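Working notes, beginning with the structure itself.
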Amino acid sequence: MDTTGSYEAQVHQWLGTGTVLKEKSSNINWENVSKRILPQIIFKGHVLRQEQLCKKGMYFICPSPVYNRIITRLGGSLRPYHPQPGALTFRQYDVGEPVAAGTVRPLEFKGQMTTTVDQVALAFTSPSNLPAPGVYEQAIRAELSKQ
């Protein structure tokens, strides 16, 4: 995932004291999902559709928060399909709790949803969950009224 801001202060705090900073100056860049990941998935899905050996489509494995952002961005109502050429299967996982101190935390499977690359492309280029008309005008007028 792409990030915004810098993790430098957090890294120095962790390495120096082993404690976590309460305030952070960085976060996950959720818009990167829309600007970069979705177009890549759509493009790669179309490329793989023409490959003879790709009989079940493409699988996108991601953390649950990423999956939830993608589904929200796409309007939340993709039609389900079975795996096939041109299909796109989202598999979502979360990181589980540590079993014991010093052990690797397990991945927990949270669900799977299969649709088609065409459904994703259509939802991406014709969003159904747009903000209400006039939100830009309201924001501009609010800023102008401050001056």
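The values are calculated or read from the model by the stated rules, or taken from the named source; none is laboratory data. Quick caveat: nothing in here was measured; it's all calculated off a predicted structure. Cβ sites come from the backbone with ideal geometry, for glycine too, and all protein chains shown count toward neighbours.
Observations
- Residues of the stretch 128-147 that turn out to be surrounded by 10 or more Cβ atoms within 10 Å (Cβ to Cβ), of a type outside the set (A, V, I, L, M, F, W, C) and over 28 Å from His82 (Cα atoms), as a count: 2
- Number of residues in the stretch 33-69 that are of a type in the set (Gly, Ala, Ser), within 21 Å of Phe109 (Cβ to Cβ) and crowded, with 18+ Cβ neighbours inside 10 Å equals 1.
- The stretch 56-80 residues that are farther than 12 Å from Val120 by Cα and part of a loop (DSSP other than H, G, I, E, B), paired with ones that are at pLDDT 90 or above and among the charged types (D, E, K, R) (beta carbon under 8 Å, 6 or more apart): Gly57/Arg49
- Residue count, the stretch 90-146 (criterion: of a type in the set (Phe, Trp, Tyr), under 30 Å from Gly45 (Cα atoms) and free of Cβ contacts under 8 Å to residues at least 40 places away in the same chain): 3
- Count of the stretch 125-147 residues, restricted to those that are of a type in the set (Gly, Ala, Ser) and in contact with a Gly (Cβ under 8 Å, 6 or more places away or on another chain), is 1.
- Here Thr125, Thr89, Thr72 are screened, and the one residue that is of a type in the set (S, T, N, Q), closer than 19 Å to Val33 by Cα and surrounded by 14 or more Cβ atoms within 10 Å (Cβ to Cβ) is Thr89.
- Unmet criterion (only one of (1) of a type outside the set (A, V, I, L, M, F, W, C); (2) out of contact with any Ser or Thr (no Cβ under 7 Å at 6 or more places or on another chain); (3) assigned to a strand (DSSP E or B); (4) at pLDDT below 90) for Asn27: (2)
- Some residue of the stretch 30-49 being at pLDDT 90 or above and in a loop (DSSP other than H, G, I, E, B): no
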